[in-house]
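S.K.: Take a look at the following structure, please.
The values are calculated or read from the model by the stated rules, or taken from the named source; none is laboratory data. Computed from a predicted model, the values in this text were never measured in an experiment. Counting neighbours? That spans all protein chains shown, and the Cβs are built from the backbone with ideal geometry, glycine included. Quick note on the areas: whole protein, heavy atoms, side chains included, nothing else; ligands and nucleic acids left out. Shrake-Rupley method; radii C 1.70, N 1.55, O 1.52, S 1.80 Å.
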Amino acid sequence: MSPTTLAALYPQHLAELQARTAEALQRGGFDHLVVPSGTLHYQFFDDRDYPYAVNPQFKAWLPLTRAPGSWLVITPGQRPKLLFLQPHDYWHVVPAAPSGYWVEHFDIVTIRTPEEAARHLPKDAARCAILGEPQSAVGDYVPTNPVPVVDYLEYHRAYKTPYEIAMMRAASRIGARAHRAAERAFRAGASEFGIHLAYCQAAGQDANDLPYGNIVCLNEHAAVLHYTDRDRLPPTAARSFLIDAGASFHGYACDITRTYSADAGDEFQAMVDAVDAAQLKMCDAVRAGFDYKQLHIDAHLALAGILKDFGVIKVGAEEALASGVSSAFFPHGIGHGIGLQVHDVAGFAASDAGGTIAKPEGHPYLRLTRVLEPGMAVTIEPGVYFIDMLLDELKQKGLADAVDWNRVDVFKPYGGIRIEDDVVCTDGAPINLTREAFAS
């Protein structure tokens, strides 16, 4: 992503965040928003720290993802202030001084110790809404995460600015490049671990950079929704490959899933193609005013129709949905919000003042229940799986006659299928960041 493009988009993004903050502080009765970047945590009974993860409330403002011990101070009507921790240290690489398109918009104070931050924070800690984890506390400045402030900011974070969409577009391009490398490794006979390494190499990111742990599945392993064991040796015969893996760009995530058959002409690949075609229609349904809950229900109907077409179930789509048969093959939600976090916040928020929108009955794993509006970015990830535990539950519920078990046996060795894209809702046609990235 061109720095010139980001420089042009950033001022509007910053102005939007400042406007949101002014309203959030007024609702909470505070004068200042204070946001620590987060700290390093040591493992229990050990002297090693966990991988550092920046506070999402911090990286919403600026593209600093490796600056532990730093602080932001936002006061309505004033330039935002960054307290940047640049310690004297010869054990580790010292963070480079801030630079780039965004620094001209901040008053930047360099501090050498975490405790030094207290001298530059607002005088009265009680007048500050401090958003962060308890370990970030410095003196009287203890994160309190006031609910009215957090509710407001998280609710509106669902609406991405053009700057944020540009950041997500850049992450998607990295992810698409890495997915292509992973498919090549699969076709070449690599193990799950080898495919994972090929992905990381192509993305230029390792476990501490990726937005979540790569899910790399060969054959039956695709029936484990979050399979992360990554066998070191390739299977005797590779039949199928499912990869759910993302990438990061300056704190923003992409989340992409693809499924392949080893034999492009077999019946499993035909089912993959059918799910892919249905998924594209679901992506096109990401329109302003459409209820995401309904999109999830529509996905069940579409996937049940595919299962019926391939002879896996014997009942129609409506009956499969009503009886719970479709949930045995599609047990997760159609997707979630995405942006600064892979599972972005406020997916169930009824308003910016709080409250929740309930999930549809019988669908406990849906992560987003809001009505879609312009600026929202969501994933669309329908799946079809052959999971012993869930299939056994169908039998226990007296629904065995709804399934052709011989056809199940045909597809079980392939594990399952999932296709996932990141899609932005607009005033018109949606923007499919994932398909766009694969086409570039």
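S.K.: Suppose the chain between residue 193 and residue 427 were pulled fully straight at 0.36 nm per residue; how much longer would it get relative to their current alpha carbon spacing?
M.R.: 80.0 nm
S.K.: Let me ask something else about it. Taking 8 Å as the Cα distance limit and 6 or more residues as the minimum spacing, I'd like the relative contact order of the range 94-241 as a percentage.
M.R.: Averaging sequence separation for qualifying contacts and normalising by length gives 14 percent for the range 94-241.
S.K.: Rg and Dmax of the range 373-420, Cα atoms, in Å?
M.R.: For the range 373-420, the Cα radius of gyration and maximum Cα-Cα distance read 15.2, 45 Å.
S.K.: Which shape class, rounded, prolate or oblate, goes with the range 1-75 when its Cα gyration tensor gives a ≥ b ≥ c as root eigenvalues, a/c under 1.5 marks rounded, and past that a/b bigger than b/c marks prolate?
M.R.: oblate
S.K.: Further, regarding this structure: Quick one: accessible area per residue over the chain, 1.4 Å probe, rounded to a whole number of Å²?
M.R.: I get 43 Å² per residue for the chain.
S.K.: What pairs from 314/412; 281/359; 81/123; 293/412; 308/359; 59/359 go past 24 Å between their alpha carbons?
M.R.: Table pairs above 24 Å Cα-Cα are 293/412; 308/359; 59/359.
S.K.: Put a dot 7 Å past each Cα toward the Cβ at residue 435 and residue 371; how far apart are the dots in nm?
M.R.: If labels sit at residue 371 and residue 435, their model points lie 2.6 nm apart.
S.K.: Would you calculate a helix-derived [θ] at 222 nm for the chain, using -39,500 (n - 2.57) for each DSSP H run of n ≥ 4 and dividing by the full residue count, to the nearest 500?
M.R.: Here the helix-only value at 222 nm equals -10500 deg cm²/dmol.
S.K.: How many percent of DSSP beta bridges within the range 1-150 run antiparallel, rounded to 5?
M.R.: Counting DSSP beta bridges with both partners in the range 1-150, the antiparallel share is about 55 percent.
S.K.: Under a Cβ-only charge scheme (Lys and Arg +1, Asp and Glu -1), can you give me the dipole magnitude of the range 234-310 about the Cα centre, in debye to the nearest 20?
M.R.: It comes to approximately 180 debye.
S.K.: A further question on this structure: Considering only protein heavy atoms and a 1.4 Å probe, what is the carbon-and-sulfur percentage of the accessible area of the chain?
M.R.: Carbon with sulfur: 54 percent of the solvent-accessible area.
S.K.: Using only the alpha-carbon atoms, how far is helix 162-187 inclined from the longest principal axis of the chain? Give it as 0 to 90 degrees, nearest 10.
M.R.: 40 degrees
S.K.: How many Å³ per residue does the convex hull of the Cα positions in the range 204-265 occupy?
M.R.: 103 Å³
S.K.: Still on this structure, please answer the following. Once Lys and Arg get +1 and Asp and Glu get -1 on their Cβ, which of 377, 394, 414 lies farthest toward the positive end of the dipole of the range 342-424?
M.R.: Of the candidates, 394 comes out farthest on the positive side.
S.K.: OK, next. How far apart, in nm, are the 7 Å Cα→Cβ label points at residue 284 and residue 147?
M.R.: The answer from the label model is 4.4 nm.
S.K.: Compute, for the range 285-372, the length of the dipole vector about the Cα centre, with Cβ point charges of +1 (Lys, Arg) and -1 (Asp, Glu) only. Units Debye, rounded to 20.
M.R.: For this selection, approximately 80 debye.
S.K.: For the range 26-75, which trypsin sites (Lys or Arg not before Pro) pass both filters: DSSP loop (anything but H, G, I, E, B) and at most 15 other C-beta atoms within 10 Å?
M.R.: Those satisfying the criteria are 48, 66.
S.K.: Let's see if you can work this out: charge +1 on each Lys and Arg Cβ, -1 on each Asp and Glu Cβ, no other charges. What is the dipole magnitude of the range 131-187 about its Cα centre, in debye to the nearest 20?
M.R.: It comes to approximately 780 debye.
S.K.: Treating the angle as unsigned and between 0 and 90°, give the value, to the nearest 10°, between the Cα long axis of helix 147-156 and the longest Cα principal axis of the chain.
M.R.: It works out to around 60 degrees.
S.K.: Sum up the charges of everything whose Cβ sits under 9 Å from the Cβ of residue 336, counting Lys and Arg as +1 and Asp and Glu as -1, but leave residue 336 out.
M.R.: Charge balance near residue 336 sits at -2.
S.K.: Under the definition of Cα pairs under 8 Å and six or more residues apart, what whole-number percent is the relative contact order of the chain?
M.R.: With pairs under 8 Å counted, the relative contact order is 15 percent.
S.K.: Between residue 409 and residue 263, what length in nm is gained on full extension when 0.36 nm per residue of separation is reduced by their alpha carbon distance?
M.R.: Separation in residues times 0.36 nm, less the Cα-Cα distance, equals 50.8 nm.
S.K.: Would you tally the net charge around residue 10, using a Cβ to Cβ cut-off of less than 11 Å, leaving residue 10 out, and scoring K and R as +1, D and E as -1?
M.R.: Within the 11 Å Cβ shell, the charges total -3.
S.K.: Computed from the coordinates I sent, P(r) over Cα pairs in 20 Å bins from 0, in percent equals one of (1) 24, 52, 23, 2; (2) 25, 57, 18, 0; (3) 22, 38, 32, 8, 0. Tell me the label.
M.R.: (1)
S.K.: Next question, about the same structure. Do you know the relative contact order of the range 217-376, to the nearest whole percent, from alpha carbon pairs under 8 angstrom that are 6+ apart?
M.R.: Over the range 217-376, the number comes to 20 percent.
S.K.: While we're looking at this one, here's another question. Take the Cα of residue 237, step 7 Å along the line toward its Cβ, and report every residue of the range 391-435 whose backbone nitrogen sits under 12 Å from that point.
M.R.: Only 413-414 pass the distance filter.
S.K.: Along the charge dipole of the range 106-212, Cβ charges K/R +1 and D/E -1, which of 155, 196, 113 sits furthest on the positive end?
M.R.: Farthest along the dipole direction, towards plus: 196.
S.K.: Residue separation times 0.36 nm, minus the C-alpha to C-alpha distance between residue 107 and residue 273: what's the value?
M.R.: 54.5 nm
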